[in-house]
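What follows draws every value from the coordinates through simple rules; no lab data is involved. Computed from a prediction, not measured in an experiment: that's the story for all the values here. Using ideal geometry, Cβ is built from the backbone for each residue, glycine included, and neighbour counts are taken over all protein chains shown.
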Amino acid sequence: MAKSKNIFVCQECGTESSKWIGRCPACGQWNTYVEEVKITGKGSGRETISYSKSKEKPLPFNKVIAENYQRINSSFSEFDRILGGGIVPGSFILLGGEPGIGKSTLALQLTLDFKGKVLYVSGEESAGQIKMRADRIGKTNDNCLIYSETNLEDILIQFEHESPELLVIDSIQTIYSQLIESAPGSVSQVRECATRLLRVAKEKVVPVILIGHITKDGSLAGPKVLEHIVDAVIQFEGEQNLNYRIIRSLKNRFGAVPELAIFEMGQAGLKQILNPSELFLHESENLLSGVAVACTMDGIKPLLIETQALVGTAVYGTPQRSSTGFDLRRLNMLLAVLEKKGGFNVSNKDVFLNIAGGMKIQDTAADLAIVSAIVSSRIDQPLSAGTCCCAEISLTGELRPVHRIEQRILEAKKLGFKHFVLSSYQKNIDKIKGIEIKKASSINDALKNIFQKAN
Ligand code: TYD
Ligand code: MG
């Protein structure tokens, strides 16, 4: 007999408890426990579903044959790149992002251009709405089956019946299994649906693109458990009011992370941007103070980004430090180094830092550009024309080398930069035709190279 039991489940991490708890002891989040019904015992329906036809035995390592599937290329080379070179058959890809950012649009575009049969399951929109979107994108595909359904069991029946070569689920939070009594979107439902979809995907070697929502704080809605189940987590970022979107791979069992690609949302869906650096560089007639260009690297692709700083006299007693797109603690550290090692008095100044275009910089190679932008604003003098900065700054005020320097320099050269300031500890790089390489060992040394007149 199936027995049902009421339990409380943390919607963040999936920890279960027999009573309600204010703060989850596992993940430390507050107010995340929600009551759910759990069906246990014989007759719960689980035992009626048999997934594995053959009983696999443990194998010695040398008898194991490496899986070597041909990757499937999508119509977006940039999407393939962040997946590590195309979609791996049987892989389970989670596409996360805030509502309205373009997840359904991307999934539909991938579907419409897919060479092979696709089952596009939508629990959010009717088939008619999806057709309208496809008309807007201006494409159609007879091999694409649209199925507006939220019941997992029905979806699995159609999957079995149609044998598609790609399955899209939009979104995992709307799908529910009738074997579980909790509401769609709850941890139990999401976990159950994802696990069962995963099993059929692996069994039939069909890739699945799962769309998932993101909570306010930027984590994937509901369960961390989902991140553990899937092979790859691809996350959409971007400001709603800007028309480009950043797609980042946060986890990838079949490729390197992090990788980043930039897409532009236009009248006819998303368009990949092959030269994203051009997007983040602002062409101004006059040289402006407080602006420096950094050469960052997310994954294997260099990206040139403008960093902007504004330094002013503190109006209130305690100076304000504000940073958008860069870690505030690291900014404070750079300011302290600039004060102590660079001899610039910034302790009584308000400092505002902004990374152009809503980008987030994680690469420490941007340190030198950030410090240069701050100094530039402080002394109200622009950097020498055509300068790109690329070095990490240590607590001692020394410039530290960064990885893949040659690739970064070539990217800067491609975009028309004339001078490239880097660490003198950077080995094997002295000359590159068409761009002047300026080596510096410390902050002060670098600033002399960066500004026309020595400060
Ligand atoms: P959508 O893919 O529905 O977002 P999600 O699935 O992540 O919730 O994206 C919807 C937004 O994209 C909506 O604001 C309209 C806009 N959009 C365009 O600007 N151009 C287009 O061609 C399409 C299809 C959508
Ligand atoms: Mg959607």
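Taking G90, is it crowded, with 17+ Cβ neighbours inside 10 Å, of a type outside the set (A, V, I, L, M) and within 16 Å of ligand 2 (Cβ to nearest atom)? Criteria not met by G90.
Considering only residues that are of a type in the set (D, E) and over 18 Å from I211 (Cα atoms), look in segment 154-175 and name the one that is farthest from ligand 1 (Cβ to nearest atom).
My answer is E160.
Of the strands (runs of 3 or more DSSP E) lying entirely inside segment 224-297, those containing at least 3 residues that are under 16 Å from the mean Cα position of the chain (by Cα) span 232-237, 244-252, 259-266.
Would you check if there is a residue in segment 384-402 being in contact (Cβ under 8 Å) with a residue 12 or more places away in the chain, surrounded by fewer than 16 Cβ atoms within 10 Å (Cβ to Cβ) and among the basic types (K, R)? Among the residues of segment 384-402, not one is in contact (Cβ under 8 Å) with a residue 12 or more places away in the chain, surrounded by fewer than 16 Cβ atoms within 10 Å (Cβ to Cβ) and among the basic types (K, R), which makes the answer no. Of the listed requirements (1) of a type in the set (D, E, K, R); (2) surrounded by 17 or more Cβ atoms within 10 Å (Cβ to Cβ); (3) closer than 18 Å to A309 by Cα, K360 misses just one: (2). Just checking, does segment 134-143 include any residue being under 29 Å from R191 (Cβ atoms) and more than 14 Å from ligand 1 (Cβ to nearest atom)? Scanning segment 134-143, I find no residue that is under 29 Å from R191 (Cβ atoms) and more than 14 Å from ligand 1 (Cβ to nearest atom), so the answer is no.
Restricting the search to strands (runs of 3 or more DSSP E) fully inside segment 364-455 and requiring at least 1 residues that are polar (S, T, N, Q) gives 387-390, 419-423. Looking only at segment 385-397, decide whether some residue is more than 27 Å from the chain's Cα centre (by Cα) and β-branched (V, I, T). The answer is yes; a qualifying residue exists.
Out of L95, L110, one residue alone is under 18 Å from R245 (Cβ atoms), within 12 Å of ligand 2 (Cβ to nearest atom) and of a type outside the set (D, E). It is L95. Say we look at segment 317-347 and pick out the residues that are over 20 Å from A294 (Cα atoms) and in contact with a Lys or Arg (Cβ under 7 Å, 6 or more places away or on another chain); which of these is surrounded by the most Cβ atoms within 10 Å (Cβ to Cβ)? The residue in question is F344. Set side by side, the residues V190, V168 differ, and just one is farther than 25 Å from I262 by Cα and either among the aliphatic types (A, V, I, L, M) or part of a loop (DSSP other than H, G, I, E, B) (or both), which is V190.
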